[in-house]
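So the structure is just underneath, and the comments pick up after that.
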Amino acid sequence: MPTPQTYINPFARPLYVMLKPVGAVCNLRCEYCYYLEKKELYPSVKNHVMSDALLEEFVRQYMESHTTPEVLFTWHGGETLMRNMDFYRKALALQQKYADGRRVDNVLQTNGTLLNDAWCSFFKEHRFLIGISIDGPQHCHDVYRKDREGRPSFHRVMKGIALLGKHGVEFNVMGVVNDYNVDYPLEFYRFFKSLDCHYIQFAPIVETVDGRPAPWNVPSEKWGDFLIAIFDEWVRQDVGTYYIQYFDSTLANWVGEPPGICTLSRTCGHAGVMEFNGDVYSCDHFVYPEYKLGNINERTLLEMMYSDKQRLFGANKYDTLPQQCKDCRYLFACHGECPKNRIAKTASGEPGLNYLCAGYAKFFNHVAPYMDFMKHELLNRRPPANVMSQRF
């Protein structure tokens, strides 16, 4: 058999630490948001703003921790644009100060409501990739994504997207899948395509309220149906043109390459997060005191990210799986998904089953013949897009 051609996953990223320049501060009040509560970690702090000195310390350490010719900075919120442009200009200057000839790229996630011509011109000039949070067409988006006064945000986001297009800024979209929009998979997908966005990510919402699944959670079986409906359209006409993170990552696992998404990886812990005050945590979804690795002013990023505590955190993704998962034929494709979602029990009553297990099993079972075919094409150095001419 020929040597497998490397599967190029456009979502794959090296080890990094996500930066929170304003912590959990945001101008929206999305009902399902898991991060706004993080302000309670610092009840005595009124101004959740990263200092210039801390910014420089992070940039210096982050650049020094990379041996690659390219370094990626990821800016996340809260709402990142609640820091003014001067802050990001300082960040860019510091990146060049410590770049030592390396290329520096920046990814910034935003809810899009604060975008204007000045911001978009700045992002274009400095080659920012912008991630836009939008949950589909208006009747889907406005269910949960409202501002502090309870007003819907769809039209403001769409205005921001139009400005990105006007200035030629590259952007991806991130849609949260919840109990409402899960019933509109093709409308959801076609809406994103109508934005001329070719890199699409979506995340199933799974949270708990008072120890019980939240009412806005996406039902497990419906999550599988949602993925299948979009996949069936994508696999017939969009392979190689539109890149859907879940589908690309599933194919990567089928081929035996890194999936480029931590939830479908065998281990996790490669992507930490730093809060506005320099506290570093194991993961964006595990910003809790027990997962704090230290503070950048006291320990280096390298010490924290390669610490025994972080290594154990990463290994536990597989090691703590219930036996039902380890015996599953799709373990290689799922790896138990995100540990934060393991709030269910197995048929035998063992804890630690992923809340979305039934949906993923349904999806993997449906796409298996297509994935097998695309894997075969890749192994024989042919484009996986050939799957579009097949009938299964």
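The values are calculated or read from the model by the stated rules, or taken from the named source; none is laboratory data. Because the structure is predicted, anything quoted here is derived from the model rather than measured. Glycine also receives a Cβ, built like all others from the backbone with ideal geometry; neighbour counts cover every protein chain displayed. Heavy atoms of the whole protein, side chains included, go into the accessibility calculation; ligands, DNA and RNA do not. Shrake-Rupley method; radii C 1.70, N 1.55, O 1.52, S 1.80 Å.
Can you confirm whether Thr113 is surrounded by 19 or more Cβ atoms within 10 Å (Cβ to Cβ), among the β-branched types (Val, Ile, Thr) and over 21 Å from Ile296 (Cα atoms)?
Criteria met by Thr113.
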Can you confirm whether Leu321 is among the aliphatic types (A, V, I, L, M) and either part of a loop (DSSP other than H, G, I, E, B) or more than 25 Å from Thr250 (Cβ to Cβ) (or both)?
yes
In the set Gly211, Gly260, Gly240, the lone residue that is at positive phi and modelled with pLDDT of 95 or more is Gly240
query = Would the stretch 18-30 turn up any residue that is open to solvent by 60 Å² or more (accessible area, probe 1.4 Å) and modelled with pLDDT of 85 or more?
reply = yes
Reported set for the stretch 289-311 where residues are assigned to a strand (DSSP E or B) and of a type in the set (A, V, I, L, M, F, W, C) is Leu293
Check your understanding: Does the stretch 296-305 contain at least one residue that is farther than 22 Å from His66 by Cβ and surrounded by 13 or more Cβ atoms within 10 Å (Cβ to Cβ)?
Key -> no
Only one of Asp232, Asp210 is free of Cβ contacts under 8 Å to residues at least 12 places away in the same chain and closer than 28 Å to His366 by Cβ, namely Asp232
In the stretch 335-378, anything open to solvent by less than 10 Å² (accessible area, probe 1.4 Å), hydrophobic (A, V, I, L, M, F, W, C) and under 23 Å from the mean Cα position of the chain (by Cα) is listed as Leu356, Phe363, Phe364, Val367, Met371
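I'd like to check something: does the stretch 289-296 contain any residue that is touching a helix residue (DSSP H, G or I) at 6+ places or on another chain (Cβ under 8 Å) and within 21 Å of Phe202 (Cα to Cα)?
The answer is no, given that none of the residues of the stretch 289-296 is touching a helix residue (DSSP H, G or I) at 6+ places or on another chain (Cβ under 8 Å) and within 21 Å of Phe202 (Cα to Cα).
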Within the stretch 35-72, the residues that are in a helix (DSSP H, G or I), within 21 Å of the chain's Cα centre (by Cα), more than 14 Å from Val17 (Cβ to Cβ) and touching a residue at least 60 places away in the same chain (Cβ under 8 Å) are Lys38
Within the stretch 174-218, residues being of a type in the set (A, V, I, L, M) and open to solvent by 20 Å² or more (accessible area, probe 1.4 Å) number 6
Checking Phe286, Phe332 in turn, the sole residue that is open to solvent by 20 Å² or more (accessible area, probe 1.4 Å) and either in a helix (DSSP H, G or I) or closer than 20 Å to Val235 by Cβ (or both) turns out to be Phe332
*under 30 Å from Thr300 (Cα atoms), among the polar types (S, T, N, Q) and out of contact with any helix residue (DSSP H, G or I) (no Cβ under 6 Å at 6 or more places or on another chain): does that describe Asn380?*
no
The residue from Gly23, Gly77 that alone is on the phi > 0 side of the Ramachandran plot and among the small types (Gly, Ala, Ser) is Gly23
Restricting the stretch 116-135 to residues that are of a type in the set (Asp, Glu) and exposed (fewer than 14 other Cβ atoms within 10 Å of the Cβ), the one nearest to the chain's Cα centre (by Cα) turns out to be Glu125
Restricting the stretch 267-280 to residues that are open to solvent by 20 Å² or more (accessible area, probe 1.4 Å) and assigned to a loop (DSSP other than H, G, I, E, B), the one modelled with the lowest pLDDT turns out to be His270
Of (1) open to solvent by 40 Å² or more (accessible area, probe 1.4 Å); (2) in contact (Cβ under 8 Å) with a residue 12 or more places away in the chain, Arg382 satisfies every one except (2)
Any residue in the stretch 94-115 that is on the phi < 0 side of the Ramachandran plot, small (Gly, Ala, Ser) and under 23 Å from the mean Cα position of the chain (by Cα)?
no
Val176 vs (1) over 28 Å from Asn341 (Cα atoms); (2) in contact (Cβ under 8 Å) with a residue 12 or more places away in the chain: all pass except (1)
Within the stretch 238-266, the residues that are assigned to a helix (DSSP H, G or I) and within 20 Å of Val173 (Cα to Cα) are Gln245, Tyr246, Phe247, Asp248, Ser249, Thr250, Cys262, Thr263, Leu264
